[in-house]
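Enquirer: So that we are looking at the same thing, I have put the structure below in structure tokens.
The values are calculated or read from the model by the stated rules, or taken from the named source; none is laboratory data. Fair warning: this is a prediction, and the values are worked out from it, not measured in the lab. Cβ placement follows ideal geometry from the backbone for every residue including glycine, while neighbour counts extend to all protein chains displayed. We work out accessible area using only protein heavy atoms, side chains counted, and drop any ligands, DNA or RNA first. Shrake-Rupley method; radii C 1.70, N 1.55, O 1.52, S 1.80 Å.
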Amino acid sequence: MKHALITALLASATLLGNAQNQQKTETCNQQHYVPTAENLQARNEFSDNRFGIFLHWGLYSMFAQGEWYLNYGPNKDEYAKVADAFYPHSFNAEKWISAIKASGAKYICFTTRHHEGFSMWDTKQSDYNIMNTPYGKDIVRQLADECHKQGIGLHLYYSHIDWTREDYPAGRTGLTTGKDPKKADWNHYYKFMNAQLTELLTNYGKVDGIWFDGWWDHDEDTIPFNWQLPEQYAMIHKLQPACIIGNNHHQTPFEGEDMQMFERDIPGENKNGLSGQSISRLPLETCQTMNGMWGYKIKDQNYKSAKELIRLLVRTAAKGANLLLNIGPQPNGELPATALDRLADMGKWLNGNAGESIYRTVAGEVALGDSIVSTCGKGKKAPLYIHILTDKKDGEIAVTMKGKAKKATNLITGDKLAFRKDKATGKTIFELNDRKGDEDDYIIKVEF
């Protein structure tokens, strides 16, 4: 017994050592990644956009219980039967993209295939797709064509995990769906994923980004799981060099990735326990829900107000990051009415003078908690935009900043603001006599 135990322990140690060496080799291979000039340009354009819309839509919308419904008990085969009734007769890609464009958003990220395993395009790799429903039309095709037509960036979400396919080696989720763990075959599943990604990157025109999710499914494995990301990333960059890759793994970015995302948190915050990783020098993005869920949930009407969403966008931009704001479309193919109202309200604000302080900006130097933040234009003498995000009405504010201010105006109205330098503290004091105190965002434009 002791000899058998020692042998087993040595075998486990050998396997763990091999896995760790494999990860080291994987990291070394990744370090050979050199982004192309097109990719670097795409990164800059992505950061300039500052605002995008996430769209979580799949079979799960039919159950109206959110995108993780399959994980909480249903059998995968019973769940799949709903595909026979999936007929989003009200879906209109032109209306979706027009409303999104009017909101001031510059790109979308659409869930081509979520953890439920259902593909929303005409894939040749699986029969479990939108073409085999009563609807029978390629959703990704319609959205891609409309994005290209209207000048909206196209990012595609793709799940690394699958709660329905037998060949996916299950991690810590999707364990009650009725899969046979003995049929797991990573090599077969990996080839399947790459074949699907090849379809998406060759049949739908320009794809601005691939947004991966699911790495965390194996984050508790005793032996580190090898996702073979370097090879997959290299394939993507070969197919479309300008396509930026992000992975929602809640880790510091791996080599080969072109952006870093933070789930439900602004960079530097970790209020939801998923964003404790260090902040990289890559383009940054915060993904957040408009209400509470990602996928459509009939009971979830707890939408954030337009003021809350605008202030969230401002605080995100003030950290040098984009905001990817989510909408969960309804099973009939419509965007929820409240979500459309929020898009319209954000559009009124962003498409006015306020947009100057968001698009093509970087993080500003002024930051006093969440109540006073700042963004800055690009260039040596670029304006500084001080955003006051509180309903408390103050007659003046005092901030510390570099450079000598030559002019200050209320960005929204264009009215000049009086200011002075306090010699004792070195702070610049701005007078806010025209401030009502109920603005979504009071913006001081400072020119040098």
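Enquirer: Cα centroid distance between the stretch 259-274 and the stretch 29-79, in Å?
Expert: 16
Enquirer: Another one. Mind checking the dipole of the chain: about its Cα centre, +1 per Lys or Arg Cβ, -1 per Asp or Glu Cβ, Debye to the nearest 20?
Expert: My answer is approximately 1600 debye.
Enquirer: Send over a whole-number figure in Å² for the accessible area per residue of the chain, probe 1.4 Å.
Expert: Here the per-residue accessible area is 45 Å².
Enquirer: Using a Gaussian network for the chain with springs between C-alpha atoms less than 10 Å apart, which of these wobbles most: Asn226, Asn326, Asn291?
Expert: Top of the fluctuation ranking is Asn226.
Enquirer: For the pair Lys416 and Lys404, how long in nm is the line joining their label points, each one 7 Å along Cα→Cβ?
Expert: It works out to 1.8 nm between the two label points.
Enquirer: Treating the beta-carbon of each Lys and Arg as +1 and of each Asp and Glu as -1, no other charges, what is the dipole magnitude of the stretch 275-361 about its Cα centre, to the nearest 20 debye? Numbers along the way, then the final one.
Expert: Values: 11 positive and 7 negative charges, 56 e Å.
Once rounded to the nearest 20, the dipole reads 260 debye.
Enquirer: Hey, can you rank 328-339, 203-214, 173-184, 67-78 by average C-beta count inside 10 Å, highest first?
Expert: 203-214, 328-339, 67-78, 173-184
Enquirer: Give the aspartates and glutamates reachable from Lys149 as a straight Cα distance under 14 Å; neighbours fewer than 8 places away on the same chain don't count.
Expert: Glu94
Enquirer: Okay, next question. For the chain, what does the helix formula give at 222 nm: sum of -39500 (n - 2.57) over DSSP H segments with n ≥ 4, over the residue count, nearest 500 deg cm²/dmol? Spell out each step's value before the answer.
Expert: Values: 9 runs with 123 residues, N = 448.
Here the helix-only value at 222 nm equals -9000 deg cm²/dmol.
Enquirer: So what's the gap between the Cα centers of the stretch 339-382 and the stretch 415-448, to the nearest angstrom?
Expert: 16
Enquirer: Okay, next question. Between the stretch 227-245 and the stretch 178-204, how many Å separate their Cα centres?
Expert: Centre-to-centre (Cα) distance: 15 Å.
Enquirer: When the accessible area of the stretch 306-448 is computed with all protein chains present and a 1.4 Å probe, what percentage of it is carbon and sulfur?
Expert: Exposed carbon and sulfur together represent 49 percent of the surface.
Enquirer: Considering only DSSP states other than H, G, I, E and B, which GluC sites (Glu not before Pro) in the stretch 342-408 qualify as loop sites with at most 16 other Cβ atoms within 10 Å?
Expert: Filter output for the stretch 342-408: Glu365.
Enquirer: Rounded to whole Å and sorted largest first, what semi-axes of the equivalent ellipsoid does the C-alpha gyration tensor of the stretch 261-337 yield via the square root of 5 times each eigenvalue?
Expert: So the equivalent ellipsoid measures 25, 13, 11 Å along its semi-axes.
Enquirer: What list of ³J(HN,Hα) values in whole Hz, one per residue of the stretch 64-81 in order, does the Karplus curve 6.51 cos²θ - 1.76 cosθ + 1.60 (θ = phi - 60°) give from phi, with Gly and Pro shown as x?
Expert: Using θ = phi - 60°, the values come out as 6, 10, x, 6, 9, 4, 4, 5, 9, x, x, 6, 4, 6, 5, 4, 5, 5 Hz.
Enquirer: Place +1 on the Cβ of every Lys and Arg and -1 on the Cβ of every Asp and Glu in the stretch 177-263, take the dipole about the Cα centre, and give the residue among Met193, Asn248, His218 whose Cα lies farthest towards its positive end.
Expert: The one lying farthest along the dipole's positive direction is Met193.
Enquirer: Report the residue, chosen from Asn433, Asn353, Asn270, that carries the largest GNM mean-square fluctuation when the chain is represented by alpha-carbon nodes joined by springs under 10 Å.
Expert: Asn433
Enquirer: State which helices in the chain qualify, where a helix is a whole DSSP H run, it must extend 30 Å or more along its own axis by its Cα atoms, and its mean Kyte-Doolittle hydropathy must be at least -0.5.
Expert: Counting only whole DSSP H runs, the qualifying helices are 2-30.
Enquirer: Next up: Taking every eigenvalue of the Cα gyration tensor of the chain, multiplying by 5 and rooting it, what semi-axes result, largest first, whole Å?
Expert: They are 42, 27, 20 Å, listed largest first.
Enquirer: Assign one of three labels to the stretch 146-300, namely rounded, prolate or oblate, based on the Cα gyration tensor with a ≥ b ≥ c the square roots of its eigenvalues; rounded applies when a/c is under 1.5, prolate when it is not and a/b is larger than b/c, and oblate otherwise.
Expert: Numbers: a/c = 1.36, a/b = 1.11, b/c = 1.23.
Rounded, because the longest to shortest axis ratio a/c is under 1.5.
Enquirer: Relative contact order, percent, of the chain when contacts are C-alpha pairs under 8 Å separated by at least 6 residues?
Expert: Reported relative contact order: 16 percent.
Enquirer: Quick one: grab the alpha carbon gyration tensor of the stretch 339-395, order the square roots of its eigenvalues as a ≥ b ≥ c, and give me rounded if a/c is under 1.5, else prolate or oblate depending on whether a/b is larger than b/c. If you can, show how the numbers build up before the last one.
Expert: Numbers: a/c = 2.33, a/b = 1.21, b/c = 1.92.
Verdict is oblate for the stretch 339-395.
Enquirer: Now for a different question. Taking the Cα centre of the stretch 95-152 as the origin and placing charges on Cβ (Lys, Arg +1; Asp, Glu -1), which of Ser103, Asn132, Leu143 is farthest toward the positive end of the dipole?
Expert: Value: Ser103.
Enquirer: As I understand it, the dipole of the chain uses +1 on the Cβ of Lys and Arg and -1 on the Cβ of Asp and Glu, about the Cα centre. Which of Ala363, Gly295, Gly395 lies farthest toward its positive end?
Expert: Gly395
Enquirer: Further question on the same structure: Is the shape of the stretch 351-448 rounded, prolate or oblate, going by the alpha carbon gyration tensor and its root eigenvalues a ≥ b ≥ c, with a/c under 1.5 for rounded and a/b larger than b/c for prolate?
Expert: rounded
Enquirer: Treat every Asp and Glu Cβ in the stretch 221-264 as -1 and every Lys and Arg Cβ as +1, leave all other atoms uncharged, and give the resulting dipole magnitude about the Cα centre to the nearest 20 debye.
Expert: Magnitude of the dipole: close to 100 debye.
Enquirer: Along the principal axes of its C-alpha atoms, what lengths does the stretch 161-240 span, in descending order and rounded to whole Å?
Expert: 38, 23, 19
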